[in-house]
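Take a look at the structure set out below.
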Amino acid sequence: MQMVRLTVLWCFVLWMPGTLGWSGMRGVLWPQPQHLHRSAEAYTLPSTGFLIEHGPGSAAGAGCTVLQNAFRRYYRLIVPRRAAFRVVPSNEATLLRLLVSVKVAKPYCLEYPNLGDSEAYQLVVQQENATLTADNIWGALRGLETFSQLVFEAIDGSLVINKTIINDFPRFSHRGLLIDTSRHFLPLYILYQNLDAMSYNKFNVLHWHIVDDPSFPYQSVMFPELSNKGAYNPATHVYTQMDVAFIIEYARLRGIRVVPEFDTPGHVQSWNKGQPGLLTKCFAGTKSTGSYGPVNPALNSTYNFMNTFFTEVSNVFHDHYIHLGGDEVDFTCWRSNPVIKAFMKKIGFGTNYRKLESFYIERILQIVGANKKGYLVWQEVFDNDVKLKADTVVEVWKNPHFDVELSRVTAAGFQALLAAPWYLNAISYGQDWRRFYLVDPQNFKGSEAQKKLVVGGEACIWGEYVDATNILHRLWPRASAVAERLWSDRSVNNTEEAYPRLASHRCRMLMRGIPAQPLFVGFCEQEYTSGWAKR
């Protein structure tokens, strides 16, 4: 087993409850660890000489960019920027040093996180030292996040941490957040902030729904006209391949996978502007209406284009998986097109357009399968009896009766993701996070083997009514409810007990620069003391 061991050596000042008072988060943890034992015994951390560094004999050494970046990042998160906390006198404590010994091969630090990677860690905080042990660097990142949450600020400004033992791991391996950059373009700084917020909540997958009907912001090298003509503005509202590389690396440094979605054969109106002849012409009788429907599956040129395009996409996005969509295909245009009807007759499909959709999807799966380990699809692909590879992940999004669909998908032996109850773009008056929090992805009729095939879920925020002005506010802390559901034990499901922790976590996100909206009445001291709005 590969091991990462982070050893914290420090001089503590014993802190007695009641002597300093409480302020802010009080070491509240979100999401709740699997196993947590915290003592009332607490220690004050000295502000002078606070260091995070590698210890002697580290196998990864200074070359492990993931850990080096994390040490700097979490130092800034643990130590308040305004540096106004109490300085412990030198005769009480002189140094807090985080010595890190990494027992993994150096090249491992250059890899990307994958589905099924361990994120388990053990954290022990005691008077003489503290240790963080993990199977790999991704678990170390999760443990660093927990450690940063344990440290809190007392009334006098000193930093305090309780004696703690934590053994932790996620309940589900895929904990995703879908964002839509087609309906409204999202600038890079918003994507970066969102990735920060995801890491604070231990999400590990950014499902990037990058293109759709309204616009095509992905800038293809092989087919530049797709964004030149399909983006809202080809100069300002596009993601270059360098932009994509920056996002992928920013995510990797936080242990987050980036899974792109290029949805076909539907949701493709923006493709037609830069790739004429790809979509199906719609007819009224014998005359073209001038409008277009889904991708035309009857032409060889379609598959030649898709082969070149998805080969490029597979090289740009490093994750082993890609999301191929396949949802909400309207057959009306196919039914009206004489070329499609002739093709249907020739191939023996009659008037069964579900078979035509399956024919197209299967060809795309063959193309993508040459470059990717696996793929994700929306549930319609499974419902329409497309022949799927064994490692396909089916995402269930239709409400209601998503439990029935989960049962069907897993009974067929496929892995499943749940998204149906977690569409965060839909808002209602009141604390809807409670509804999100109470959903259990494994609450459906099926065997234990079936339930193990549910690899996780995703919170989704579609872009019709969100852009850079409101997406972070609407996502957080509502998405945090989904994060705890996908990480913590299923027994952690009491909304009354969760509320004060989530409210405190929301305050922590404010302090860290995430403009999370309030859960209910109340206030955070960080609203006015941390300067988060200036970040």
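Every number here is computed from the coordinates shown, using simple stated rules; none is lab data. Given the structure is predicted, the values throughout are model-derived calculations rather than measurements. When we count neighbours, we look across all protein chains shown, and the Cβ atoms used for this are built from the backbone with ideal geometry, even at glycine.
Sorted from greatest to least, the principal axis extents spanned by the alpha carbons of the range 382-464 come out as 41, 28, 18 Å. Think of the range 302-451 as having a plus end and a minus end, set by charges on the Cβ of Lys, Arg, Asp and Glu; of 400, 359, 370, 359 sits farthest toward the positive end of this dipole.
Taking the number of Cβ atoms within 10 Å of each Cβ as an exposure proxy, the fewest-first ranking of 209, 184, 505 is 184, 209, 505.
Phi angles across the range 315-332 convert, under the Karplus curve 6.51 cos²θ - 1.76 cosθ + 1.60 with θ = phi - 60°, into 3J(HN,Hα) values of 7, 6, 9, 7, 4, 5, 10, 9, 9, 9, x, x, 9, 6, 8, 8, 7, 4 Hz, Gly and Pro given as x. With viscosity 0.890 mPa s and temperature 25 °C, the Kirkwood radius over alpha carbon pairs of the range 216-266 converts through Stokes-Einstein to a diffusion coefficient of 205 µm²/s.
Size descriptors for the range 171-263 (Cα atoms only): Rg and Dmax, in that order, 13.3, 44 Å. The radius of gyration of the Cα set in the range 284-367, together with its Dmax, comes out at 14.5, 46 angstrom. In order along the range 198-203, the phi-based Karplus estimate (6.51 cos²θ - 1.76 cosθ + 1.60, θ = phi - 60°) of 3J(HN,Hα) comes to 4, 5, 5, 10, 6, 5 Hz; Gly and Pro are listed as x.
Local charge for residue 321 was computed over the other residues whose Cβ lies under 14 Å away, with Lys and Arg +1 and Asp and Glu -1, and equals -2. Hydrodynamic estimate: the Kirkwood radius of the range 111-207 over Cα pairs, inserted into Stokes-Einstein at 4 °C and 1.567 mPa s, corresponds to D of 84 µm²/s. Any idea what % of Cα-Cα pairs in the range 421-535 are farther than 22 Å? Result for the distance tail: 39 percent. Thinking of the range 198-333 as a set of Cα atoms, what percent of all their pairs are more than 18 Å apart? Every Cα pair in the range 198-333 considered, those over 18 Å come to 58 percent. As a size descriptor, the averaged projected area of the C-alpha convex hull of the range 327-399 was calculated at 5.6 nm².
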